[in-house]
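Trainee: Please find one structure pasted underneath; my questions will follow.
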Amino acid sequence: MPDAPILRRAALVAAFAPLLWTPAPAAAAPAQIAPAKREVVKSGGYVLELPLGLQADAAYVPESNPLSTEKIELGKFLYFDPQLSKDGSLSCASCHIPYHGFADPAPTSQGVGFKLGGRNSPTVINRLFSSDQFWDGRAKDLEEQAHGPLINPVEMAMKSHDDVVAEVTKIDAYRPLFKAAFGSDEITMPKIAQAIASYERTVVSGNSPFDRYQAGDKDVLSASQVRGWALFQNKANCQTCHVSFNFTDEGYHNLGVGWDAQKKELTDLGRFDVTKNPADKGAFKTPTLRNVVETAPYMHDGSEATLREVIELYDRGGNANPNLSPKMKPLNLTPAEKDDLLAFLLALTGEVNNLEPPAKLPGR
Ligand code: HEC
Ligand code: HEC
């Protein structure tokens, strides 16, 4: 995995990031970061056509779980099936809602029995381009990630993965689907996770106004959005972390979100809990900004209600705390520049593939 293309690319970009945000001369041509032609990802015998602007060589599909039409179809059923939760009330789609940018409009999500979790549901969009998952990166791939929510007491709350397998096994109509996807109709937890991960990898967003602009259609962005893009790359410093076509360095940074100024402590240690490295206290994964206007509220704790609030947070240099990223600093944006930056973020909303819920679930 360390040699997965996305990681190599991110490391490279991170190494050059300080150069990227050195103020460029006013007339410099905006950098081309998204491919100008549609690309395809080939995995197993499967060909996944990416919308414009997404980069095929950054896709991460583990060799042990190549894509297939049958696995994707099965995974989609499982993703939308509330039978996988303790009381049949919640599916993955309950907190990663297709029509809400595959995220949750609540600051933190409610699981079975209305139990409240501690973090905001991140989008499932463009997970194809990351190996590590969760705000703190504790799952090494989507397959490992899918195990978590099923038995998390504040999410789907099943007693064990064996119980999940037993529930799915009760629904006869799943057997032929497992047979078609895996060659045998035995239902196991690794197969459930592999199928869900395969479906998630097809949920990609591209062909946004930004991508069409990058591909040469210069009329598609407003003058304000074009100014916003220049700010994003230079004065506003966003591209230090939100780099490349998916707008993330796949890295972890402390912006001071969740800093309790009164108690003088972080409410969530984030990446530190995974690495035990003191420098990672309060650091969280840089999220993609694609379709970001759809995924409010924002940040790992859902504490910023709107994109305007997010821009204000960056303008003041984040929230001061002992572990604040050295990359954060006050921006001194004018009101007009804040408007332009916001307008630019709206240009990142693209078409999302494979978004329609299944018309009917197996056996129902
Ligand atoms: C009760 C709400 C809830 C349910 C149900 C739920 N999730 Fe999540 N999901 C979350 C929250 C909250 C997080 C962030 C947790 C963290 O980072 O510690 C998350 C994180 C994720 C991530 C990581 C995304 C990223 O950018 O790192 C993926 C992928 C994901 N969930 C997929 C799923 C799948 C698949 C299912 C069903 C098996 C599911 N979720 C069920 C709330 C939910
Ligand atoms: C030092 C790295 C860094 C810089 C610079 C940076 N970001 Fe972020 N961004 C992050 C991280 C990390 C998070 C998640 C932080 C958290 O939840 O604690 C984030 C979260 C966000 C979110 C919320 C997304 C969501 O799904 O919740 C938006 C919007 C955003 N950034 C936009 C911007 C803009 C606009 C700029 C420039 C003004 C910018 N960022 C500069 C690293 C950075």
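All of the numbers you see were taken from the coordinates with simple rules; none came from a lab. From a predicted model like this one, the values you see are computed outputs, not experimental measurements. Here the Cβ positions follow ideal geometry from the backbone for every residue, glycine too, while neighbour counts run over all protein chains shown.
Trainee: Only Lys, Arg, Asp and Glu count, each charged at its Cβ (+1, +1, -1, -1), so figure out the dipole size of the range 93-167 about its Cα centre, rounded to 20 debye.
Mentor: Using only the charged Cβ atoms, the result is roughly 260 debye.
Trainee: Can you compute the FRET efficiency between residue 166 and residue 260 using 1/(1 + (r/R0)^6), with r the Cβ-Cβ distance and R0 = 41 Å? Round to the nearest 0.05.
Mentor: 0.45
Trainee: Angle check, please: helix 161-170 long axis (alpha carbons) against the longest principal axis of the chain (alpha carbons), in degrees 0 to 90, nearest 10.
Mentor: In the chain, helix 161-170 runs at an angle near 60 degrees to the longest axis.
Trainee: State to the nearest 20 debye the size of the charge dipole of the range 145-284 about its Cα centre, where the only charges are +1 on K and R beta carbons and -1 on D and E beta carbons.
Mentor: 380 debye
Trainee: Add -39500 (n - 2.57) for each DSSP H run of 4 or more in the chain, then divide by its residues: what number comes out at 222 nm, to the nearest 500 deg cm²/dmol?
Mentor: -9000 deg cm²/dmol
Trainee: What residues have an amide H closer than 5 Å to that of residue 266, excluding those fewer than 5 places away on the same chain, when H is modeled at 1.01 Å from N in the peptide plane?
Mentor: 260
Trainee: Any chance you could give the angle, 0 to 90 degrees and rounded to 10, that helix 142-151 forms with the longest Cα principal axis of the chain?
Mentor: 70 degrees
Trainee: So how tilted is helix 189-201 from the main axis of the chain? Cα-based, degrees 0 to 90, rounded to 10.
Mentor: Once rounded, one gets 40 degrees.
Trainee: Something else: What does the charge dipole of the chain about its Cα centre add up to, to the nearest 20 debye, if the Cβ of each Lys and Arg holds +1 and the Cβ of each Asp and Glu holds -1?
Mentor: Numbers: 37 positive and 44 negative charges, 89 e Å.
About 420 debye.
Trainee: How high is the relative contact order of the chain, given as a whole-number percent (alpha carbon pairs under 8 Å, six or more residues apart)?
Mentor: It rounds to 21 percent for the chain.
Trainee: Ranked by Cβ crowding within 10 angstrom, fewest neighbours first, how are 227, 212 ordered?
Mentor: Lowest count first: 227, 212.
Trainee: Under a crude label model (7 Å from the Cα following the beta-carbon direction), how far is residue 64 from residue 185 in nanometres?
Mentor: Each label point lies 7 Å from its Cα, and together they span 2.7 nm.
Trainee: Another question, then. If you average the C-alpha positions of the range 331-364 and of the range 186-220 separately, how far apart do those two centres end up, in angstrom?
Mentor: Cα centroid of the range 331-364 versus Cα centroid of the range 186-220: 13 Å apart.
Trainee: What list do you get for 70, 200 if you sort them by fewest beta carbons within 10 Å?
Mentor: So the ranking, lowest neighbour count to highest, is 70, 200.
Trainee: For 224, 89, 121, what's the fewest-to-most ordering of other Cβ within 10 Å of each Cβ?
Mentor: Numbers: 224 17, 89 14, 121 24.
By the 10 Å Cβ count, ascending: 89, 224, 121.
Trainee: Report Rg(Cα)/(2.2 N^0.38 Å) for the range 42-204, keeping two decimals.
Mentor: For the range 42-204, the normalised Cα radius of gyration comes out at 1.00.
Trainee: Treating the Cα atoms of the chain as identical point scatterers in vacuum, please give the log10 of the normalised Debye intensity I(q)/I(0) at q = 0.08, 0.14 Å⁻¹, two decimals.
Mentor: So the normalised log intensities are -0.40, -1.22.
Trainee: Can you grab the distance from the C-alpha centre of the range 75-140 to the C-alpha centre of the range 288-314, Å, no decimals?
Mentor: Centre-to-centre (Cα) distance: 17 Å.
Trainee: Would you be so kind as to identify which of 310, 298, 282 lies farthest towards the positive end of the dipole of the range 263-320, taking Lys and Arg as +1 and Asp and Glu as -1 on Cβ and the Cα centre as origin?
Mentor: Of the candidates, 282 comes out farthest on the positive side.
Trainee: Same structure, new question: Between residue 279 and residue 138, how high is the FRET efficiency from 1/(1 + (r/R0)^6) when r is the Cβ-Cβ distance and R₀ = 22 Å? Nearest 0.05. Walk me through the intermediate numbers first.
Mentor: On the way: r = 17 Å, r/R0 = 0.78.
Efficiency at R0 = 22 Å is approximately 0.80.
Trainee: Which one of 224, 207, 347 has its Cα pushed farthest toward the positive end of the charge dipole of the chain, where Lys and Arg give +1 and Asp and Glu give -1 at the Cβ?
Mentor: It is 224.
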